[in-house]
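Structure first, commentary second.
The values are calculated or read from the model by the stated rules, or taken from the named source; none is laboratory data. Computed from a predicted model, the values in this text were never measured in an experiment. Methodologically, a virtual Cβ is constructed for each residue, glycine included, from the backbone with ideal geometry; neighbour enumeration extends over all protein chains shown.
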Amino acid sequence: MNGPLRGAAVAVLGFGSQGAAQAQNLRDAGLEVLVGVRSGGPSEARARALGFPTHPPAEAARRARASAMLIPDEAVSGAWPDLAPAFAKGAALVFAHGFSLLYGKLALPPALDVVLVSPTGPGPAFRRVYESGGTLPAYVAVHQDASGAARDVAVDYARLVGCGPLVDTTVREETEIDLFGEQTVLCGGLNALVIAAFETLVERGYTPEVAYLECVHQVKYLADLLHERGVAGFRRAISGTALYGDLTRGPRVIGPAARAAMAQILDEIRSGEFAGEWLEESRRGRPALARAVAAAATHPIEGARRRALGEPPREGGGADREPGVGPE
């Protein structure tokens with residue numbers, strides 16, 4: 001099969017979970033893959049352990065026909081002054097998320113094709129799907145078409161990396177919907193919902209381990225069912241009691257107040273307020289985020305999880321504490 005990237009070298013810039021998955025998928029598809037990472041960092045060690053040649057990001061970009069921008073969103077602007085001059089005329093730059101294109105104020109070289117190929121899943125899941133012979137749906141958009149064939153490049157990259165079917169979008173739409181989904185459903189909404197349900201039961205005297213298994217542990221199996229069958233298929237697969245509770249009580253949980261909060265969150269995303277807040281927090285070294293992560297890790301739900309699943313206590317005893325999050 002022919003395509004604009006067949007036989008080309010591709011630079012994967014960044015080697016977090018998405019970078020590692022895409023680099024391995026591209027290599028398995030027969031492409032020469034160069035990994036661009038900071039020298040001496042943990043990402044370099046992980047890439048080399050998987051057999052990838054590593055270079056400073058600008059050098060990897062200089063050697064490649066196409067570069068996949070998989071550096072964390074909040075770090076792209078800082079890396080851009082070194083990267084921008086490295087892209088060859090006629091090269092392509094592939095973003096997995098539009099955050100930096102929308103909010104990063106990047107001065108894009110005019111001779112560069114800039115496209116979006118956004119897989120609809122985290123890196124480890126993407127890699128598992130690829131290894132099993134499947135594909136992951138993805139969003140595709142053209143942000144800058146210097147060659148007149150930027151969409152062909154985007155589609156070819158998507159197919160090579162293991163994406164399909166492909167859904168056309170814009171950088172703005174992908175970015176705003178991605179942020180909204182993360183905040184209201186996939187991360188923020190889901191975690192807040194299960195914690196609130198757990199706390200409601202425990203405060204009324206129910207056993208924490210039972211509350212955990214019911215309101216958190218089982219989410220995986222129901223999420224799999226929803227993923228496989230959609231909302232209508234999910235409802236056909238559950239009991240009559242569960243179905244009646246779903247349709248009569250679910251709208252009370254996600255009622256007018258929750259919908260109003262979702263609308264406000266979307267407004268904050270669309271106005272750029274969230275992006276500005278996050279970039280400022282990152283610039284300051286993430287102190288508020290680190291405090292929030294540390295506090296959340298002490299929640300009783302963590303101990304209930306260990307006991308319910310028969311896991312040993314953490315070394316040193318006491319409450320669970322996770323290390324603060326940081327850039328890949």
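Listed values, structure above:
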quantity: Qualifying residue in the stretch 183-193 (condition: more than 30 Å from VAL94 (Cβ to Cβ) and of a type in the set (A, V, I, L, M, F, W, C)); calculated: yes
quantity: Of all residues in the stretch 77-105 being free of Cβ contacts under 8 Å to residues at least 40 places away in the same chain and not in a helix (DSSP H, G or I), the one that is nearest to ALA141 (Cα to Cα); calculated: LEU93
quantity: Check on ALA88, crowded, with 17+ Cβ neighbours inside 10 Å and either of a type in the set (S, T, N, Q) or touching a helix residue (DSSP H, G or I) at 6+ places or on another chain (Cβ under 8 Å) (or both); calculated: no
quantity: Test: LEU5 is assigned to a loop (DSSP other than H, G, I, E, B) and either within 20 Å of PRO119 (Cβ to Cβ) or out of contact with any Leu (no Cβ under 7 Å at 6 or more places or on another chain) (or both); calculated: yes
quantity: Odd one out for GLU214, checked against (1) out of contact with any Leu (no Cβ under 9 Å at 6 or more places or on another chain); (2) part of a helix (DSSP H, G or I); calculated: (1)
quantity: Given (1) more than 22 Å from ASN25 (Cβ to Cβ); (2) at pLDDT 95 or above, index of the condition PRO119 fails; calculated: (1)
quantity: Any chance GLU203 is acidic (Asp, Glu), under 28 Å from ILE265 (Cα atoms) and at pLDDT 95 or above; calculated: no
quantity: Qualifying residue in the stretch 229-246 (condition: surrounded by 13 or more Cβ atoms within 10 Å (Cβ to Cβ), at pLDDT 95 or above, among the hydrophobic types (A, V, I, L, M, F, W, C) and outside any helix (DSSP H, G or I)); calculated: yes
quantity: Meets criteria (acidic (Asp, Glu), touching a Lys or Arg at 6+ places or on another chain (Cβ under 8 Å) and buried (at least 19 other Cβ atoms within 10 Å of the Cβ)) for ASP145; calculated: no
quantity: Residues that are assigned to a helix (DSSP H, G or I), under 18 Å from TYR103 (Cα atoms) and either in contact (Cβ under 8 Å) with a residue 40 or more places away in the chain or not β-branched (Val, Ile, Thr) (or both), drawn from the stretch 133-180; calculated: VAL171, ARG172, GLU173, GLU174, THR175, GLU176, ASP178, LEU179, PHE180
quantity: Some residue of the stretch 273-285 being of a type in the set (Gly, Ala, Ser), surrounded by 13 or more Cβ atoms within 10 Å (Cβ to Cβ) and in a helix (DSSP H, G or I); calculated: yes
quantity: Neighbours by Cβ (under 6 Å, 6+ apart or cross-chain): first from the stretch 249-278, over 12 Å from PHE180 (Cβ atoms); second part of a helix (DSSP H, G or I); calculated: ALA275/TYR103
